[in-house]
1. Calculate how steeply helix 277-293 sits against the longest principal axis of the alpha-carbon atoms of the chain, using the helix alpha-carbon long axis, and give the answer as 0 to 90 degrees to the nearest 10.
2. Nearest 5 is fine: what % of DSSP beta bridges in the range 1-135 come out antiparallel, could you say?
3. For the range 289-319 and the range 29-65, write down the distance between their C-alpha centroids in whole Å.
4. What is the fewest-to-most order of T149, T217, T37 by other Cβ atoms lying within 10 Å of their Cβ?
5. Over the range 266-331, how many percent of alpha carbon pairs lie in each 5 Å bin up to the one with the longest distance?
6. Just for the Cα atoms in the chain, what are the lengths along the principal axes, largest first, rounded to whole Å?
7. In the chain, what percentage of the DSSP-assigned beta bridges are antiparallel, given to the nearest 5?
8. Only sites in a loop by DSSP and with at most 10 other Cβ atoms within 10 Å count here; which GluC sites (Glu not before Pro) in the range 101-153 make the cut?
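Read the figures in this text as sums done on the coordinates, not as results from a lab. Everything quoted here is computed from the prediction, not taken from an experiment. As a convention, Cβ positions derive from the backbone with ideal geometry for all residues, glycine included, and neighbour counts pool all protein chains shown.
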Amino acid sequence: MNQSSISPANGGYGAFSTPVGIPLPAFEITYHDRIFTLGSCFAENIGKKLQDDYFLSFINPFGVLYNPFSVSNSIRYLVSDKLFGEDDLFHLGSLWNSFAHSSIFSATSSEETLQKINSRLIAARDFLSQTKVMMITLGTAWIYEDSETGKVVANCHKLPSARFNRRRLNVEEIVGELSEVMLQLREQIPDLQVIFTVSPVRHWKDGAHENTVSKSTLHLAIDELVKKFSFTGYFPAFEIVMDELRDYRFYDTDMLHPSAQAVDYIWQRFSDLYFSENTRKLKKELEQLRADLNHRPLHADTIEYQQFISSVEKKKNGLIENYPFLKDRFE
């Protein structure tokens, strides 16, 4: 390790580990900064960690997005003034759906679906306008194109596979598409920093080789983007799982998704890299406070528990007194 990179302070998980050195970024993240996470379910994991530790973060306003084109399409909407209309929806069974969104936005009426979609979009735009860091996690280079419109869909909503043309993007397509939206983002938010990651979740339905080719395509594209744009960087979540945590005990029961322990470890590596010393100190205090606030006693009517509640409230008020900006985050 040299002064321009950082490895895990404890050397990873014991002697049988390959620590991943990470180049130091040109910026730090503090509790005053807004962080926008976009992309695959790994973006959801990190976004949830940020929210749990009382950071200002916004997670996937379109739902989980896996491929680079769906990510770029969502960014194009975020930097525009467009809203979704009924022409952007389709009716299937009892539900109205959007090809640009996950099924969490679907509803039994078009009005409700559009209300969910557009209210989330408006809130995301407002947050993004003051965002310092956007974290984009790409999951796969495979896309599904609607054969009726030629458009890339973010979610097939269980329509028959014959409706879609499935193909793998190449590096040039990904770099070209994401380059355009990087320029749009930077034009609207001049101080924005972008962190790219590749999801460590394996897409096994295509087989081991195709998963490797897909992930490699994403790596090559991101490498080109980081070289092209000085305000972008790469966080090696994929490499940390593959090398530092090269053991099935760090996977969930499906043996494809990282376990909670693995996500915690990646979160620690991310914190050590991007958070200032003061931010890490406050984060530790807030994590303890959250654990106290979430404590559920066996006997809530005891004097001891009432004393505990009083001490927790005193701790929370003390943190708010020292860091007034936290007040809104406890409401």
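1. 80 degrees
2. Values: 7 of 15 bridges.
Bridges in the range 1-135 are about 45 percent antiparallel.
3. Between the Cα centre of the range 289-319 and that of the range 29-65, the gap is 28 Å.
4. Values: T149 9, T217 22, T37 25.
So the ranking, lowest neighbour count to highest, is T149, T217, T37.
5. 3, 14, 21, 20, 16, 13, 7, 4, 1
6. 66, 51, 42
7. In the chain, DSSP labels about 45 percent of beta bridges as antiparallel.
8. Those that pass, being in a loop and sparsely packed, are E148.
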